[in-house]
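Chemist: Below: one structure in structure tokens.
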Amino acid sequence: MFAHDDDAPPAIPAATMVIFRHAPAGGAPQLLMVQRAKEMRFAGGAAVFPGGRVDEADRVLARELGASDDDALDELAARIAAVRETLEETGLAVGFHQSPNLAQARQARQLLLDTGELAPTLAAMKWTLDLERLVPFSRWRPRHKEIRVFDTRFYLADLGTGAVDLAVDDTENTHLFWASASEALAMADSGEIKVIFPTRRNLERLAQFGSFADALGHVGQFPSCMITPFMEVREGQPWLVIPADAGYPVDGEKLASAARG
């Protein structure tokens with residue numbers, strides 16, 4: 001791990017979307033998760049939220065949409081990447097002004113898979129982006145040396161009923177599933193799924209919310225901020241921890257049990 005006074009290692013910009021839907025049987029909202037293929041270099045075999053790296057085409061589209069400076073460009077490109085990756089990985093069209101039916105969503109996903117870029121898909125479908133629907137939740141940027149480092153922005157989005165079909169992108173993922181945050185944590189504890197350190201911390205935070213409105217209220221108290229895990233010795237044991245004032249109910253775990261990728 002890098003110490004606080006070290007220069008941060010290079011990081012790959014990335015974005016992920018935490019999609020809420022009403023649970024069909026009632027109770028806590030469900031979240032969409034994807035299980036990554038074991039062969040993937042980063043988080044192979046782990047259950048994560050839909051997302052991926054920010055491509056140069058996302059930055060080009062952000063400029064075309066009016067990003068005026070570097071900070072605005074980075075933020076807008078990340079939102080575009082979250083929308084693009086979600087459509088590509090799951091078939092869900094989230095973050096558009098339009099409300100496409102299933103056939104339209106499938107057509108858009110195929111166009112995206114064919115071109116690898118969102119802009120031509122928007123043009124062909126005559127869709128426009130509604131990026132204000134994506135609510136900044138958090139931003140994680142580790143400082144470790146062992147594996148590739150991603151600077152990942154997490155966004156919240158509300159699907160409502162969630163009465164939609166899903167389509168797995170079997171080049172990177174093997175399974176899609178809906179679960180409440182508490183259910184996903186129980187699956188991880190039982191060994192049914194694997195979750196890496198950032199996913200577990202975010203699931204613990206998301207488990208506090210009984211609705212999307214609750215999540216929005218929480219974000220009002222704890223706006224999105226940079227989370228950089230660091231090492232700390234507790235009772236003689238090395239722990240991987242995060243700041244205690246960022247809205248997370250659990251601020252770390254023993255390094256030996258922390259899955260990092």
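Chemist: Please go through region 240-249 and give me each residue that is touching a residue at least 40 places away in the same chain (Cβ under 8 Å) and surrounded by 14 or more Cβ atoms within 10 Å (Cβ to Cβ), ordered by number.
Modeler: Leu240, Ile242, Ala246, Gly247, Tyr248 - these are the residues of region 240-249 that are touching a residue at least 40 places away in the same chain (Cβ under 8 Å) and surrounded by 14 or more Cβ atoms within 10 Å (Cβ to Cβ).
Chemist: Among the residues of region 206-239, which ones are buried (at least 16 other Cβ atoms within 10 Å of the Cβ), within 22 Å of Phe150 (Cα to Cα) and free of Cβ contacts under 8 Å to residues at least 60 places away in the same chain?
Modeler: Result: Trp239, single match.
Chemist: Restrict the check to region 213-226 and report whether at least one residue is at pLDDT 95 or above, among the aromatic types (Phe, Trp, Tyr) and outside any helix (DSSP H, G or I).
Modeler: For region 213-226, residues at pLDDT 95 or above, among the aromatic types (Phe, Trp, Tyr) and outside any helix (DSSP H, G or I): present.
Chemist: Continuing with this model, one more query. Which of the residues spanning region 43-62 are of a type outside the set (A, V, I, L, M) and either surrounded by fewer than 22 Cβ atoms within 10 Å (Cβ to Cβ) or assigned to a loop (DSSP other than H, G, I, E, B) (or both)?
Modeler: Residues satisfying the conditions are Gly44, Gly45, Phe49, Pro50, Arg53, Asp55, Glu56, Arg59.
Chemist: Tell me, yes or no, whether region 178-186 has at least one residue that is under 21 Å from Glu85 (Cβ atoms) and assigned to a strand (DSSP E or B).
Modeler: Quick first cut of region 178-186, residues under 21 Å from Glu85 (Cβ atoms) only: 178-179, 181, 184.
From the residues that got through so far, the ones that are assigned to a strand (DSSP E or B) too are 178-179.
The answer is yes, given that some residue of region 178-186 is under 21 Å from Glu85 (Cβ atoms) and assigned to a strand (DSSP E or B).
Yes/no per residue for (1) surrounded by 18 or more Cβ atoms within 10 Å (Cβ to Cβ); (2) β-branched (Val, Ile, Thr); (3) in contact (Cβ under 8 Å) with a residue 24 or more places away in the chain; (4) in contact with a helix residue (DSSP H, G or I) (Cβ under 6 Å, 6 or more places away or on another chain):
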{"residue": "Ala103", "(1), (2), (3), (4)": "no, no, no, no"}
{"residue": "Arg106", "(1), (2), (3), (4)": "no, no, yes, no"}
{"residue": "Arg109", "(1), (2), (3), (4)": "yes, no, yes, yes"}
{"residue": "Leu112", "(1), (2), (3), (4)": "yes, no, yes, yes"}
{"residue": "Thr115", "(1), (2), (3), (4)": "no, yes, no, no"}
{"residue": "Pro120", "(1), (2), (3), (4)": "no, no, no, no"}
{"residue": "Pro142", "(1), (2), (3), (4)": "yes, no, yes, no"}
{"residue": "Arg148", "(1), (2), (3), (4)": "no, no, yes, no"}
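Chemist: State whether one or more residues within region 193-200 are of a type in the set (Lys, Arg) and either surrounded by 17 or more Cβ atoms within 10 Å (Cβ to Cβ) or in a helix (DSSP H, G or I) (or both).
Modeler: Among the residues of region 193-200, at least one is of a type in the set (Lys, Arg) and either surrounded by 17 or more Cβ atoms within 10 Å (Cβ to Cβ) or in a helix (DSSP H, G or I) (or both), which makes the answer yes.
The values are calculated or read from the model by the stated rules, or taken from the named source; none is laboratory data. Here the structure is a predicted model, which means the values were calculated and not measured. Note that each Cβ is placed from the backbone with ideal geometry, even for glycine, and that neighbours are counted across all protein chains shown.
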